[in-house]
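S.K.: Dropping the structure in here first, questions after.
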Amino acid sequence: MENHAILKEIEAFRDSFNSVVLATLSQDSMPCLSYSPLLRYEGGYYLYISEVAKHFENLQMHPKSAQVMFIEDESKANILLARTRLTYDVHVEFLPRDAFFDTVYDSFESRVGKDGGVCVVRGMQDFHLLKLHLQKGRFVKGFGQAYDIDERGEIAHIGGKGHPPHKT
């Protein structure tokens, strides 16, 4: 039963974000850190990024070598050193700009509103929709409260030296 509760907590945490921190790998194997808007539609997660961004080229070269991170805002953290965070290894799939794109972007606009340039960048042809395929992940919600997530979504508590599992 504890894993079911943690899974629900992970889903709620992940779904509270409209952007993600994005780590990609460059052509010369250097890490590149950035962020991207996060679009959601019918249980799927999508990025909307420009060809001008470094991470766009990196994802074209290495579509199976990226990570995303969702991290609690510093101002909301009870303990700065133990901010809640969720990371996933991801594979990306570049999608065409078609009717499905319009459906996904309509969903994004209705969730975040039309302010902040959301309407403006929709029509920019250098922006592309990428589907995220979540792989292995890790959810950390405090000291001694870390969980590995496998490709099937199964969750396992990670024990640490001196940190007994916390009850949720």
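S.K.: State all residues of the stretch 38-47 that are surrounded by fewer than 20 Cβ atoms within 10 Å (Cβ to Cβ) and in contact with a helix residue (DSSP H, G or I) (Cβ under 9 Å, 6 or more places away or on another chain); if no residue qualifies, say none.
M.R.: Of all residues in the stretch 38-47, those surrounded by fewer than 20 Cβ atoms within 10 Å (Cβ to Cβ) come to 40-44.
Scanning the stretch 38-47 gives ARG40, TYR41, GLU42, GLY44.
S.K.: Kindly indicate the residue of the stretch 146-165 that is over 14 Å from ASN3 (Cβ atoms), more than 25 Å from the chain's Cα centre (by Cα) and in a loop (DSSP other than H, G, I, E, B) and also modelled with the lowest pLDDT among those meeting that condition.
M.R.: If we take residues in the stretch 146-165 being over 14 Å from ASN3 (Cβ atoms), more than 25 Å from the chain's Cα centre (by Cα) and in a loop (DSSP other than H, G, I, E, B), then PRO164 is modelled with the lowest pLDDT.
S.K.: Just to be sure I understand, how many residues within the stretch 129-150 are touching a Leu at 6+ places or on another chain (Cβ under 8 Å) and either loosely packed, with under 12 Cβ neighbours inside 10 Å or acidic (Asp, Glu) (or both)?
M.R.: 0
S.K.: Any residue at all in the stretch 86-95 that is modelled with pLDDT under 95 and either within 14 Å of the chain's Cα centre (by Cα) or small (Gly, Ala, Ser) (or both)?
M.R.: no
S.K.: To continue, here is another question. With respect to the numbered conditions (1) in contact with a strand residue (DSSP E or B) (Cβ under 6 Å, 6 or more places away or on another chain); (2) over 25 Å from LYS136 (Cα atoms), which one is the sole condition not fulfilled by PHE100?
M.R.: (1)
S.K.: With (1) of a type in the set (Ser, Thr, Tyr); (2) within 17 Å of LEU134 (Cα to Cα); (3) open to solvent by less than 70 Å² (accessible area, probe 1.4 Å) as the list, and SER50 as the residue in question, which single condition is left unmet?
M.R.: Result: SER50 passes all but (2).
S.K.: Which number in (1) in contact (Cβ under 8 Å) with a residue 40 or more places away in the chain; (2) among the charged types (D, E, K, R); (3) surrounded by fewer than 17 Cβ atoms within 10 Å (Cβ to Cβ); (4) within 17 Å of ARG40 (Cα to Cα) marks the one condition that ASP126 misses?
M.R.: Here ASP126 meets the rest and fails (4).
S.K.: Of all residues in the stretch 1-28, which are open to solvent by 80 Å² or more (accessible area, probe 1.4 Å) and more than 27 Å from ALA156 (Cβ to Cβ)?
M.R.: Result: GLN27, ASP28.
S.K.: Test ALA82 against the stated conditions and say whether it is open to solvent by less than 50 Å² (accessible area, probe 1.4 Å), more than 11 Å from the chain's Cα centre (by Cα) and more than 18 Å from LEU132 (Cα to Cα).
M.R.: Working: open to solvent by less than 50 Å² (accessible area, probe 1.4 Å): yes; more than 11 Å from the chain's Cα centre (by Cα): yes; more than 18 Å from LEU132 (Cα to Cα): yes.
In short, yes.
S.K.: Here is a further query. Go through the stretch 53-75 and give me each residue that's over 27 Å from ASP150 (Cβ atoms) and over 19 Å from the mean Cα position of the chain (by Cα). Outline the logic, then answer.
M.R.: Pass one, the stretch 53-75, residues over 27 Å from ASP150 (Cβ atoms): 53-54, 56-57, 60, 73-75.
Once the filter is applied, which keeps residues that are over 27 Å from ASP150 (Cβ atoms) and over 19 Å from the mean Cα position of the chain (by Cα), the stretch 53-75 yields only SER75.
S.K.: Here's another thing I want to ask about it. If the requirement is being open to solvent by 70 Å² or more (accessible area, probe 1.4 Å), of a type in the set (Ser, Thr, Tyr) and touching a residue at least 12 places away in the same chain (Cβ under 8 Å), which of these qualifies: TYR35, TYR88? Can you show your working first?
M.R.: Values: TYR88 fails: open to solvent by 70 Å² or more (accessible area, probe 1.4 Å).
Answer to the selection: TYR35.
S.K.: Taking the condition free of Cβ contacts under 8 Å to residues at least 40 places away in the same chain, open to solvent by less than 80 Å² (accessible area, probe 1.4 Å) and in contact with a Gly (Cβ under 9 Å, 6 or more places away or on another chain), does ASP102 pass?
M.R.: On the way: free of Cβ contacts under 8 Å to residues at least 40 places away in the same chain: yes; open to solvent by less than 80 Å² (accessible area, probe 1.4 Å): yes; in contact with a Gly (Cβ under 9 Å, 6 or more places away or on another chain): no.
Judged against the criteria, ASP102 is not a match.
S.K.: May I ask you to list the residues in the stretch 108-123 that are under 17 Å from the mean Cα position of the chain (by Cα) and either of a type in the set (S, T, N, Q) or open to solvent by less than 70 Å² (accessible area, probe 1.4 Å) (or both)? Step through it out loud before you land on a result.
M.R.: Step one: filter the stretch 108-123 for residues under 17 Å from the mean Cα position of the chain (by Cα), giving 108, 111-112.
PHE108, VAL112 - these are the residues of the stretch 108-123 that are under 17 Å from the mean Cα position of the chain (by Cα) and either of a type in the set (S, T, N, Q) or open to solvent by less than 70 Å² (accessible area, probe 1.4 Å) (or both).
The values are calculated or read from the model by the stated rules, or taken from the named source; none is laboratory data. Just so we're clear, the structure is a prediction, and the values are computed from it rather than from any experiment. Using ideal geometry, Cβ is built from the backbone for each residue, glycine included, and neighbour counts are taken over all protein chains shown. Only protein heavy atoms, including side chains, enter the accessible area calculation; ligands, DNA and RNA are left aside. Shrake-Rupley method; radii C 1.70, N 1.55, O 1.52, S 1.80 Å.
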